[in-house]
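Read-outs: derived from the displayed coordinates by stated rules, not from any lab. Note that the structure is a prediction, hence the values are computed from the model and not measured. Glycine also receives a Cβ, built like all others from the backbone with ideal geometry; neighbour counts cover every protein chain displayed.
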Amino acid sequence: MSEQRANSRTARPSGPAHWESQQSWADAAYDDIRANPDAEVIADRLLAVRRLDGSSGFGVATIQGIRDHVFFEDHPLSDGWDGIVYRRYDASADIAEAWLRLRAGRWMPEDLALLEHEYAEARFYADHPGATYEEAHHAANEVSDWQNDIPGPTGEDFAKAWRLQWA
């Protein structure tokens, strides 16, 4: 398969792509992220960043906790009526791109805001058993309101080598 053809499936669609193609890419990117442990790589790339609490860097355990929260854990989500269903978050092309930039070492300030938001959300769930997604998300927005500062698509490609850049 040619590199261009491979990239057409592994790079985020650009332009006014339909929601379905964006979602299909996000699902595939999440599968790749879940299959490739990267907490140590991301933590190493973020050693010197200034955190909202004034500290420096994100530890491996913190990144792994955020990774688990976003990509693996079930959460109490609305079922669309009046009930709650426990399942993983839906794949988000914007979150996938942020994660790919983080692990490739090309992070943007907004990607750090996402980490702070998701860390705050995970902590809220841990500190408030039985909390709903809406409650946890609202509390996380008080710490870091990433959803109102999402960067535009950057055409990230989940098939590009990132481990070699780290070694």
The list (i) 26, 21, 14; (ii) 33, 23, 14; (iii) 49, 21, 15 gives values of semi-axes √(5λ) of the Cα gyration tensor in Å, and only one came from this structure; which label was calculated from it? (i)
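Rounded to the nearest 0.05, what FRET efficiency do R106 and D79 have when you use their Cβ-Cβ distance and R0 = 45 Å?
Given R0 = 45 Å and the Cβ-Cβ separation, E is 0.75.
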For the D145, A35 Cβ pair and Förster radius 22 Å, calculated FRET efficiency rounded to 0.05 is 0.10
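Show me 109-120, 19-30 ranked by packing, highest mean number of other Cβ atoms within 10 Å first.
Result, highest mean Cβ count within 10 Å first: 109-120, 19-30.
For the peptides 75-82, 36-43, what is the packing order when you average, over each peptide's residues, the other Cβ atoms within 10 Å and list the highest mean first?
On the way: 75-82: 11.6, 36-43: 17.1.
By packing density, highest mean first, the sequence is 36-43, 75-82.
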